[in-house]
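One structure is given here, and the rest of the page talks about it.
The values are calculated or read from the model by the stated rules, or taken from the named source; none is laboratory data. Predicted model, so just to flag it, every value in this text is computed and none were measured. Reconstructed Cβ throughout: ideal geometry from the backbone, glycine too, with neighbour counts over all protein chains shown.
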């Protein structure tokens, strides 16, 4: 099976069903399928062949979904580009991926035009923009309006033959050195993971997911694929800067599911009317994209009840998902990432990949058909994480006597204070127990005496007054002396990417420059 068949099969089975909601309008499966066929046939006409890369630079919308499945229908490989971009980063990703074409809109032209001038391998621009004159001046690429393709394209299925081990997507993620890494995923990787997620969430055609996470992010893309796989619906809301609007749209569209990263739920709990609203249609909530502190898990579960909270764990390299926590077991296992999803092995191992006994701390490793082929053009980084048939996640963890996994920290997020190793995650979770705390990030900073010292950046809840001394007093009773932060900075916000993940690398760089 190929990923594009998620749309094709749903269009055949539920042609006129409401498939995607965006800006108060619904689009049916058959409309999406017809437009995707037109775009796929155009890609064939301009010479896009099986295995060639086509970039998408678009916010979540109808056109993003059409472009995604159209590229796959044509046998191409989708290159998901972060919409928080610059000309330099865009030029690098287009060059590195070897993209032959880009599908975008007018919003990004100020970056796309100068980036394409520097990447002569990009031969085609497909864009939602009336005036194409700035693209016509580039010289080495053709340009066409997306609406012209929709109005006059061939609606027949393009009939390009692919097999499930063909590449489907390259998803770029931040590298350990700051250089982006292109995670290469086959149709088999994505389909396998999609089937597993559908199984444990028990998704049906009646399910309708509210999507606030960007589709270029692997978690956001998995929401699209899992619901199209079963013939469910997707509700797009790009207005999470106004969380109360999103909550009202959950009620308005009768969404059955909602998904977010930890900061998503922190914002809802601290900066919205979520406690005053009732979500009669909500069946489940999912969380991934980083560790959620047990105190936050408990609050989210209580606020959204009776909807079930699924705590999930994964990585872009795993096509999204590696484990999930059964909501029924969650009250006994707060803080756990649960057990492996169907068709995945997940365990704690030593450096040689040998499984460690219960309770011992080691690296969490996985194996399964959902794991990436490797990093695009980067055999050295690939060899670091794919060894002997196993994927080394970089997370340190332990397994309890019932087989539930717990993440204790990142290998690269351990702080060496004198001769002691401290998990930043452990310190963050204790700080989050303080009622006045909204968000926190803990890093190691250079220290002449200790080598590294612990620094905590804390964002208080709205209208809360919190002092560094108040935090220090609390921590003295909860943590050993060497795990207490030497420095505490109360701030108004933490640097984040568009998916809501806290960017500790930015904090570290800021400290070096101070």
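Yes or no: residue 196 in contact with a strand residue (DSSP E or B) (Cβ under 7 Å, 6 or more places away or on another chain), under 20 Å from residue 313 (Cβ atoms) and buried (at least 23 other Cβ atoms within 10 Å of the Cβ)?
Working: in contact with a strand residue (DSSP E or B) (Cβ under 7 Å, 6 or more places away or on another chain): yes; under 20 Å from residue 313 (Cβ atoms): yes; buried (at least 23 other Cβ atoms within 10 Å of the Cβ): yes.
Criteria met by residue 196.
Any idea how many residues of segment 425-441 are buried (at least 18 other Cβ atoms within 10 Å of the Cβ) and free of Cβ contacts under 8 Å to residues at least 60 places away in the same chain?
Let us first name the residues in segment 425-441 that are buried (at least 18 other Cβ atoms within 10 Å of the Cβ), namely 425, 427-432, 434, 437-441.
From what's left, free of Cβ contacts under 8 Å to residues at least 60 places away in the same chain: 427, 430-431, 434, 437, 440.
Summing the residues that are buried (at least 18 other Cβ atoms within 10 Å of the Cβ) and free of Cβ contacts under 8 Å to residues at least 60 places away in the same chain in segment 425-441 gives 6.
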Item to complete: Hey, can you tell me all the residues within segment 336-372 that are part of a loop (DSSP other than H, G, I, E, B), crowded, with 19+ Cβ neighbours inside 10 Å and in contact with a strand residue (DSSP E or B) (Cβ under 6 Å, 6 or more places away or on another chain)?
Response: 336, 337, 341, 371, 372
Response to the item:
Within segment 314-325, residues at pLDDT below 95 and closer than 15 Å to residue 200 by Cβ come out as 314, 320
Practice prompt. Could you tell me whether segment 386-395 includes any residue that is within 30 Å of residue 210 (Cβ to Cβ), assigned by TED's automatic domain parsing to the domain that holds residue 286, in a helix (DSSP H, G or I) and within 24 Å of the chain's Cα centre (by Cα)?
Written response: no
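Got a sec? Which of 433, 439 is under 25 Å from residue 288 (Cβ atoms), outside the structural domain of residue 268 (by TED's automatic domain parsing), more than 25 Å from the chain's Cα centre (by Cα) and not in a helix (DSSP H, G or I)?
None of the others qualify; the one that does is 433.
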